[in-house]
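Scroll down for the structure; my scribbles are underneath it.
What follows draws every value from the coordinates through simple rules; no lab data is involved. These numbers come from a predicted model, not from an experiment. A quick note on method: Cβ atoms are made from the backbone with ideal geometry, for glycine too, and the neighbour counts reach across all protein chains shown.
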Amino acid sequence: MKLSQQALKLPTLKGKVVLPTANAFSLPEKVLQFGTGVLLRGLPDFLINKANNEGVFNGRIVIVKSTNGGGDAEVYNEQDGLYTLCIRGIEEKQRVDEIHISASVSRVLTAATEWDEIIQCAENPDMQVIISNTTEVGITFTNDNIHATPPSSFPGKLLAFLYHRFKFFNKDVTKGMVIVPTELVPNNADKLLSIVIELAHQNGLETSFIDWLENANHFCNSLVDRIVPGKLSADEQNQLQNELGYEDGLMIMSEVYALWAIQANDDEVKNILSFADANESVVIAKDINKFRELKLRLLNGSHTFTCGLAFLAGFDTVKDAMENADFAQFIQQLMFDEIVPSIISDAITEAEAINFANKVLDRYRNAFIDHHWLSITAQYSSKMHLRNTAVIQQYHQRFAEVPSLMALGVAAHILFMCGEQGADGKYYGTVNGHKYLITDANAALYASSWKDVGATMIVNNILSNNDLWQTDLNTITGFSQEVNYWLQILKENGAVAAIKLAVATNNLVEHEK
């Protein structure tokens, strides 16, 4: 049988599944959500379900699907809005394997064919929150007619909804909404608000509405962090469905770690977003920049320092690399000995940085997720700059020393980017006789540099390139020499030997200190 309210009574679920509470289906609709992706299902939708189960928030979600019907929209409605989330991974070095059935979604409406019903949601006095994840492209300005059915863009749809609410409730300032975009754009809500205001002016909307838009509504920047790979493998899903006794077209998995940081300093907003009270993973704070900095430097940054190195060492996935004792020690030393000391500040305490680093290590150890190093190398050069240039500089400024492990990461990056153009116009590198695709906008630049200056000058040439780093990294005393040292080790002895040497050398240095 399909997952449904009726399926919740199956005896096979007892003791295996966290079920929604009996009153879950009678809760009022409080949230309008733009987007149907797995991240929303695995993070905010799940967290709202969890709060509902604990008698907090007590509201359900209406999902707006932008594209024409079919797909997830039909499955949601066939399954009474229910879906299964399998949470699998490591937390404080302990294995976690949980199954939850979420009932937070009330219904799914397709904008192209059910726009009138979506607009009617604006007339619901219980509606309080708008969530979105429309990808980074969703929060961009386009000329849009908000009186269309529907408007073409996400900001246009949002503005049309808010304008209808403004008119229906006769400018009532208590009927504004809390808008929390989750798109991976810095200051996403600030950007969304500026686009919506510009659209309001473009559409000739009255000044009283624009005042209401700015003053009665709360646009809250937010940051989300959780790996939600999506569907289980076909074999895993079939096995689990046989055990549980139902079929679920929306079943997904996620890692254990979750963070939803929401920027707000208003008691009214905190009261409306009461689902935070039931979830340690939801943080409402006046400033969420420190959460972004921790994620950028310790999670994303460590990924970028190590992805080329791990791939050159022959590790296919993060899971494979973490099973190697030397690599596991290398990444631990990289975070605790070099990145953490570099990012401690008035905003980030040492304890906070260490705690976050430990959670990152748990995430690296997650054997349930096949995270491929080669996919992590996509746009390697821009990631290396955006995530790591500042950390390299900060370490040197604070300690007047070269961060040796970071230098090895940069050396591996330069070697990984040594490629040649193929007949298809793409660039390929070679390791142990096997070709790999270099997916990077600067692949031609690196290939040209390797060809023009050769191995002896490549480090100086790359590190001095202002277009890559927005600075000259050769000005960091000793850094180019350290990167060049590691590049020679990588070329002569290989990445496995380089990792082993780096760990041993770092242990010796720490012991001498």
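Using a simple spin-label model with pseudo-atoms 7 Å out from Cα toward Cβ, Ala328 and Ala378 lie 2.9 nm apart.
Applied to the stretch 15-22, the Karplus parametrisation 6.51 cos²θ - 1.76 cosθ + 1.60 on θ = phi - 60° returns per-residue 3J(HN,Hα) values of x, 10, 10, 7, 9, x, 6, 4 Hz, with x for Gly and Pro. Cross-linked pairs Lys65/Lys270; Lys295/Lys319; Lys16/Lys319; Lys65/Lys191; Lys65/Lys286; Lys50/Lys270: Cα-Cα separations exceed 24 Å for Lys65/Lys270; Lys16/Lys319; Lys65/Lys286.
Sorted on the mean count of surrounding Cβ atoms within 10 Å across their residues, most packed first, peptides 77-90, 344-357 read 77-90, 344-357. Across the options Phe219, Pro20, Val180, the greatest Cα extent toward the positive end of the charge dipole of the stretch 6-285 (unit charges at beta carbon of Lys, Arg, Asp, Glu) belongs to Pro20.
Basic side chains Lys and Arg get +1 at the Cβ, acidic Asp and Glu get -1 at the Cβ, and with that the dipole of the stretch 295-344 about its Cα centre reaches some 260 debye. Calculated [222 nm] ellipticity per residue, helices only, for the chain: -13000 deg cm²/dmol; basis is -39500 (n - 2.57) per DSSP H run with n ≥ 4, divided by all residues, nearest 500.
Net charge dipole, the stretch 202-273: roughly 120 debye, given to the nearest 20, about the Cα centre with Cβ charges of +1 for Lys and Arg and -1 for Asp and Glu. Amide H contacts of Glu29 (H built 1.01 Å from N, in plane; Pro and chain starts excluded): Arg60 sit under 5 Å, all sequence-distant by 5 or more or on other chains. Mean projected area of the convex hull spanned by the Cα atoms of the stretch 6-285, taken over all viewing directions: 14.5 nm².
Overall dimensions of the stretch 316-372, expressed as equivalent-ellipsoid semi-axes from the Cα gyration tensor (√(5λ), whole Å, largest first), are 24, 12, 8.
Span-like helix check, the chain: qualifying full DSSP H segments, with Cα axial length of 20 Å or more and mean Kyte-Doolittle of 0.5 or more, are 495-512. What separates the Cα centres of the stretch 1-64 and the stretch 90-138 is a distance of 10 Å. Placing unit charges on the Cβ atoms only, positive for Lys and Arg and negative for Asp and Glu, gives the stretch 289-512 a dipole magnitude near 460 debye about its Cα centre. Taking N as the residue count of the chain, its C-alpha radius of gyration divided by 2.2 N^0.38 Å amounts to 1.07.
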